[in-house]
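Working notes for the structure below.
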Amino acid sequence: MESLTRLSHLKSEAAYARACQLMPGGVNSPARAFHAVGGKPLFIQQAAGPFLFDIDGHRYLDYIGSWGPMILGHAHPQVIEAIVHAAERGTSYGAPTEAESELSELVIAAVPSIDKVRLVSSGTEATMSAIRLARGATGRDKIIKFAGNYHGHVDSLLVAAGSSAANLGVPDSPGVTAGTSRDTLVLEYNDIDALSEMFADCGHEIAAIILEPIVGNMGCVPPRPGFLETARELCNRYSTVLIFDEVMTGFRVAYGGAQSLYGVTPDLTTLGKIVGGGMPLGAYGGRIDLMDQILPSGKVFQAGTLSGNPLATAAGSATLKLLRDAPPYAQLERLGAKLGAGLSHAAAAAGVPHRMQRVGSMMTLFFADADIFGWREAQHCDRVKFARYFWGLIDEGVYMPCSQFEALFFSQTHSEEHIDHTIDAAHKVLAQL
Ligand code: KE4
C-alpha cells in the first residue's frame, strides 16, 4: 500500500501500537483515530500558539485547535497562569466556589439567551441535560434533531449523528435502543418545509428542537435564510423548547455565538470547548423559568462530581475575559476570508471540484461539485480525495481536521504568513491530487 506520507512517524507508530493494546482503537475519542483519512494517528508532544509538535519532532500549523477550544492559541500565558494559580489551591473541593459564579456571570453577560446557567464537564453533558430539561418542562417526549448534526454521545441524539459517528458509519450506534431513539425525529438540516410539516403533524408532542445554528459536524454548513427563524416561530406557536447547540459556535463565530450573529434567540443554549479554555467544561443555560426547574431549585435531576471544577472555571474565565476585552473576531474574519478564498482558488487552479463554506474562523473545503445544505449533499463528498489532501498537507507541515465531516478552526495566533504558507501548501498538494 502506497505510503500516505513522506515524513517519518516511527515514534507515533510505536506509541499507537502501544495505545491499541490499552484503549479501544488506541484513542479516547474516535475523531482522533484517523479512520476517515487512513493511516495512523500522530501523537502530540506539545503545542504552542498556532503550532502542534508531534513526538517525531515534526511541527505543524494547527487547524484543529482541539476541535474548537483553542481560539486564543495553544498555551496562552494568561490561561496557563490561571490554571496553575488555581491548582496551587487544590484541584477539586466538591463544594461551591466563587470561581463558578465568576464564569457564570461572564457567560450570562455574553450569550443573549442565557439568564441562568449550569456548568457541567463536557458538551455531551450539556446537551443531554438540556434535552432532559426540555422534556421535564414540557411533559412531552419527542425531540427533533437534524441529520449530520452532532450533539455528543447522548443515546437519544446518536441518531443520524455527524462528526466521527458519520465517518465511522455508526450514525445510529449499536447500544442505542429502539425505545430510546423512538422519540427522536430526524429531519434534513435547512429543510424548512419538512420542519413545518413535522410540526403540523405532531407539533404538540414535540418537547424540543436541538440544532447546530451553524453546523460544524458534517463540515461547515451555515443556516439558510429563514431556517433558524422558522424554528423559532414554530417553537413559539407549539410551546416547544428551542435549543441551540453552540458547543462549537459559542465564542467562536462571535463573542455572543451564532445566536448573536443571526439575531435568533433560543430558549436554551449549550456550550463547551472555548467556554472551558481547553479544560473539561461545558454549560447549558437559558430562560430562568426553565433553568429553575433543574434540581435543587426544581425537580429535573442533573449532577456532576467535577461540575464547575476550579481549574476548568479558571481556564474558562481567563479565556472569556481575554475574548471580551480584546475581541479577535475582526482579525479572524479577515484572515478567515483570506484562507477560505485561498483554499478555494487552489482547488480551482487544480481543477478539483469543491465548495468552500465558512463562517469566520470555522470553515470546510468540501470535495463536492454542489453546495452543501445538509447531510443529503454532504454524504456524497469525495472522501478519498479529502484523505489525500489531508496527508499531503501533513507533509507540508499543515494539520487539517482528519475528516471531511469536520470544520477547521484557526486561532488569533495564526498570522498572515501562516495563512500564506497554508495556501501555498494547498496549491502544491491539490495540484498533485
Ligand atoms: P463533547 O462531549 O465532545 O465536549 O461535546 C460534544 C459536542 C456537542 N455539540 C457539538 C456541536 C459538538 O461539536 C460536540 C463535539 N464536537 C466534536 C468534534 N466535531 C468533538 C471531537 C471528538 O468527538 O473528539
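Only helices (runs of 4 or more DSSP H) wholly contained in the range 315-417 count here; list those with 2 or more residues that are out of contact with any Gly (no Cβ under 9 Å at 6 or more places or on another chain) and closer than 27 Å to Val27 by Cα.
Values: elements: 329-349, 375-378, 383-395.
Passing ranges, in order: 383-395.
In the range 87-110, what count of residues is obtained for those that are closer than 22 Å to Ala326 by Cβ and touching a helix residue (DSSP H, G or I) at 6+ places or on another chain (Cβ under 6 Å)?
4
Which residue, of Gly304, Gly277, is of a type in the set (Gly, Ala, Ser), crowded, with 21+ Cβ neighbours inside 10 Å, modelled with pLDDT of 95 or more and within 23 Å of the chain's Cα centre (by Cα)? It would help to see each step written out before you state the result.
Numbers: Gly304 fails: crowded, with 21+ Cβ neighbours inside 10 Å.
Exactly one residue qualifies, and that residue is Gly277.
Quick check on this structure: which one of Arg18, Arg6 is assigned to a helix (DSSP H, G or I) and of a type outside the set (Val, Ile, Thr)?
Arg18
Report, ordered by the first and then the second residue, all pairs with beta carbons closer than 9 Å, sequence separation of six or more or different chains, a first member in the range 260-282 that is farther than 22 Å from Gly308 by Cα, and a second member that is hydroxyl-bearing (Ser, Thr, Tyr) and within 9 Å of the ligand (Cβ to nearest atom).
Sorted first by the residue in the range 260-282, then by its partner, the pairs are Leu261/Thr249.
I'd like the full set of residues that are buried (at least 22 other Cβ atoms within 10 Å of the Cβ) and either under 19 Å from Ala36 (Cα atoms) or among the charged types (D, E, K, R) (or both), limited to the range 355-366.
Correct list: Arg358, Met363, Thr364, Leu365, Phe366.
In this structure, does Gly203 turn out to be away from the ligand (no atom under 16 Å from the Cβ), open to solvent by 10 Å² or more (accessible area, probe 1.4 Å) and of a type outside the set (Val, Ile, Thr)? Don't jump to the end; show me each part of the working.
On the way: away from the ligand (no atom under 16 Å from the Cβ): yes; open to solvent by 10 Å² or more (accessible area, probe 1.4 Å): no; of a type outside the set (Val, Ile, Thr): yes.
So Gly203 fails the test.
As an exercise: evaluate Ser196 against (1) open to solvent by less than 10 Å² (accessible area, probe 1.4 Å); (2) not in a loop (DSSP other than H, G, I, E, B) and give the number of the one condition it does not meet.
All conditions are met except number (1).
The values are calculated or read from the model by the stated rules, or taken from the named source; none is laboratory data. Bear in mind the structure is a predicted one, so any value in this text is a computation, not a measurement. Virtual Cβ from ideal backbone geometry, glycine too; neighbours counted across all protein chains shown. All accessible areas refer to the heavy atoms of the entire protein, side chains included, with ligands and DNA or RNA removed. Shrake-Rupley method; radii C 1.70, N 1.55, O 1.52, S 1.80 Å.
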